[in-house]
Amino acid sequence: MNKKDLFEIFRIDDLIHLPEAVMRVIDMPLEERDAVYMRLLERAGHDVSYDWFEKIYMEELSNRKDHAQFFTPPAVGEVLAGIADAGKGPIHEPAAGTGGLVIKLWGHRMRKYLPWDFRPSENMVNCWEISDRSVPLLLLNLSMRGMMGYVYHGDTLEQKVKMKYILLNRKDDPLGFSEIIPDTDGNKWIQKFEERGQLTEEGKS
């Protein structure tokens, strides 16, 4: 994935517009959004083992001065994923960035299973990120990989939240995409899906 691909797919002429363009895609009706996701997958050769945006984002969009944003090198991320992998259970990331480390850990777990035996609902993610620029790409990265759980746009240290999002994979299919549901209803969405058995105990916040 390179800048030319992103310019074409997201219809932008400058990377500074990428986060808002990604958010527009996320807000599309699911059929339209998923068509964009498929184009991204095709350009990436269907390789979802790493964060396609990380290098470009780190070089051109990160906010190192205000938020001290520094990204974990892919090789280090792979080692950390192997160390941190408990095999199953919730994944917590208090400073997720665009999702590179979570993607590495997710992939590390998936490789231990046959595709039809891996359940996103048994590996719920719980991610925090403070950067307005990073959150759209984080949401796209996690939902495109079928993850389930929660993304908090806010400060993990002060526990201040601008917005909370639910990632919902209705078919619990690791090869499918997740819906992104803004939780503006005081956790009513969460309660509703817990009652239906679509969110597990370990995914509760």
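Numbers at a glance
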read-out: Of all residues in the range 124-162 being more than 13 Å from the chain's Cα centre (by Cα) and among the polar types (S, T, N, Q), the one that is farthest from residue 99 (Cα to Cα); value: 159
read-out: Hits in the range 163-177 (condition: among the basic types (Lys, Arg) and under 14 Å from the mean Cα position of the chain (by Cα)); value: 164
read-out: Out of 175, 167, 138, 142, sole residue that is in a strand (DSSP E or B), among the aliphatic types (A, V, I, L, M) and either closer than 19 Å to residue 30 by Cβ or modelled with pLDDT of 90 or more (or both); value: 167
read-out: The range 115-135, residues that are touching a residue at least 12 places away in the same chain (Cβ under 8 Å), out of contact with any Gly (no Cβ under 6 Å at 6 or more places or on another chain) and surrounded by fewer than 24 Cβ atoms within 10 Å (Cβ to Cβ); value: 115, 118, 119, 121, 122, 128, 130, 131, 132, 133
read-out: Condition broken by residue 45, with the remaining ones in (1) modelled with pLDDT under 95; (2) small (Gly, Ala, Ser); (3) not in a loop (DSSP other than H, G, I, E, B) satisfied; value: (3)
read-out: Count of residues meeting criterion [part of a helix (DSSP H, G or I) and not hydrophobic (A, V, I, L, M, F, W, C)] in the range 115-135; value: 6
read-out: Residues being modelled with pLDDT under 80 and under 23 Å from residue 95 (Cα atoms) - total across the range 178-198; value: 3
read-out: Matching residues, the range 88-114, being small (Gly, Ala, Ser), assigned to a loop (DSSP other than H, G, I, E, B) and surrounded by fewer than 22 Cβ atoms within 10 Å (Cβ to Cβ); value: 89, 95
read-out: Subset of the range 102-119 that is aliphatic (A, V, I, L, M) and more than 21 Å from residue 135 (Cβ to Cβ) - its residue that is modelled with the highest pLDDT; value: 110
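Condition check ((1) surrounded by 19 or more Cβ atoms within 10 Å (Cβ to Cβ); (2) closer than 23 Å to residue 177 by Cβ; (3) at pLDDT 90 or above) across all residues:
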| residue | (1), (2), (3) |
| --- | --- |
| 1 | no, yes, no |
| 13 | no, no, yes |
| 18 | yes, yes, yes |
| 22 | yes, yes, yes |
| 41 | no, yes, yes |
| 55 | no, no, no |
| 78 | no, no, no |
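The values are calculated or read from the model by the stated rules, or taken from the named source; none is laboratory data. Source: prediction; values computed, not measured. Counting neighbours? That spans all protein chains shown, and the Cβs are built from the backbone with ideal geometry, glycine included.
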